[in-house]
1. With a cut-off of at least 2 residues that are of a type in the set (Gly, Ala, Ser) and open to solvent by less than 10 Å² (accessible area, probe 1.4 Å), name the helices (runs of 4 or more DSSP H) lying wholly within segment 209-286.
2. Looking at this structure, is residue 275 assigned by the TED database to the domain that holds residue 168 and in contact (Cβ under 8 Å) with a residue 12 or more places away in the chain?
Amino acid sequence: MLDLLDFPIHQIAFFISLLLAIISAIFLLHPKVPLKYIKFHIGILALPPIIAFIGLFINNEGVILGPWRFDGLSWLIVFFVLTIGLIVQRYSINYLLGDRRYRLYFMLLTLTTIADSLAWISNDLRLLLAFWGMTLLGLTILIKLNRDWEVTRKAARLSGRVLALSWLFLFVAILWVTQATGTWQLSIALTEGNLSQLASWEKLGINLLLIASVIIPAAQWPFQRWLLNSVVTPTPISAVMHAGIVNAGGILLTLFAPLFDGNVAQVILLILSSISVLIGTGIMLVQVDYKRQLVGSTIAQMGFMLIQCALGAYSAAITHAVLHGFFKSTLFLKAGSAISYHEPAFRKEKLNVSGLLMGVVLGVLAGIGYWLTSPEGGYHLISAVILGWSLTLAWNQLVSYRNGHVGRIVGISVFMVTAFLFIIIHKTFGDLLGGVIHLTTQPITPWSILLLLVLLAGSVIGMWFAHHRTSKGYAIMYLWLVRLGEPNDKMVENHPNYLTRFLSKGGPFS
């Protein structure tokens, strides 16, 4: 039994700050507490991410204290989840003002984000299961927060069923691991000695269960429907969902990385993720509903994150999950200003041929340079191609299609600053995660080459269709993607009858 005095002060402070946040959220439910208290509650919520940020730099090597694990990975994920929750709750102060479940919303969101953060510092697999289950339950209740609207109730039921199935797969996988290794401690169960007790078929079975448990919350094909139907939820809830919960698959696979050693399960994950990347990108491009565009983008991004995990690039997957979370939550919170009423619908831009060639040369050189300076592996080959492709596209958008010398100078400046930030961010994440994440490099296999060819072929086909919009093939592909991204018929209500009942009762303050 550990003496409380043995705990480093910042870890004691972290748990105290979480306890204060929970008490504050429950206190907020009392109807006599003035709504002005919410701003004070937000101030309390700022304490845990600040402490986690400090812990990220002073306790990066890793310490296990009872059932808790504190290292660079856990501190980073905790900081990320709690920061997203803080930003969203601050945004919601005015956004949801007047809603009858205003107080309940803040309490549920606080408890959900805290449970999510506790899941990722749990070294005891029972705690991980419990807190992750609470997170999924909290998300389901938040989706159903507007109980008067039948559509949200149906969306919550669908989400609840598939998320419960995901949790059940994780439960069976963890139970299998603990029964085979004789321990509930994650750090002990995944040691080389304990894993050697597992037969190859047992590893395959556990890996398949883990894959099933992560592709569902990540909305990967064929389970993308629940996330598409969840767009009926309030925008702040969508921001939390897309930023801190759907990307949990990368975190789970990173925690269980020693088990995921490149067997048949890797191929299955690569196939499902590759399909999801293509489908998600297509949905994003054809949808006119802004939130559905963001959902399509999330499906594609989560697919790429799981491809990184399948190829052993866990550090890249965590970096991707965190950066995508901040980026996507920002896009959701600014969804109300997505349409501009002052810019022309079409803007003619003159192509600079020399600039286009320069972009191609830069992309090729960057891809070759990354490949030559990186460890040999399937993921690094794919990264080199994607990096070169991205640089070429970015250069074309920022420079080649700019009119006038001033526009091109501005574009080059933005390009250079972005490239510099890219290098700094990836170096920072590499330093934080390098010593605490299981390092493995999958060799170049026929499957990784095939994956690369599929992604490139999908990009080429997409560009071909974009330039042949009058073709029959384009029409078929377009309509199929539109239908794929549309909500289920039961998730659409022609007239929101709940508003009539709502107003007849006296409005939001009745």
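The values are calculated or read from the model by the stated rules, or taken from the named source; none is laboratory data. Please read all numbers here as calculations on a predicted model, not as lab measurements. Positions of Cβ are generated from backbone atoms using ideal geometry, with glycine treated the same way; all protein chains shown enter the neighbour counts. To get the accessible areas, we keep the full protein, side chains included, count just its heavy atoms, and leave off ligands, DNA and RNA. Shrake-Rupley method; radii C 1.70, N 1.55, O 1.52, S 1.80 Å.
1. The helices (runs of 4 or more DSSP H) meeting that bar are 235-244, 248-255, 264-286.
2. yes
To keep it simple, each residue is scored yes or no on (1) in contact with a Ser or Thr (Cβ under 9 Å, 6 or more places away or on another chain); (2) hydroxyl-bearing (Ser, Thr, Tyr).
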site: 198; (1), (2): yes, no
site: 206; (1), (2): no, no
site: 220; (1), (2): yes, no
site: 230; (1), (2): yes, yes
site: 247; (1), (2): yes, no
site: 272; (1), (2): no, no
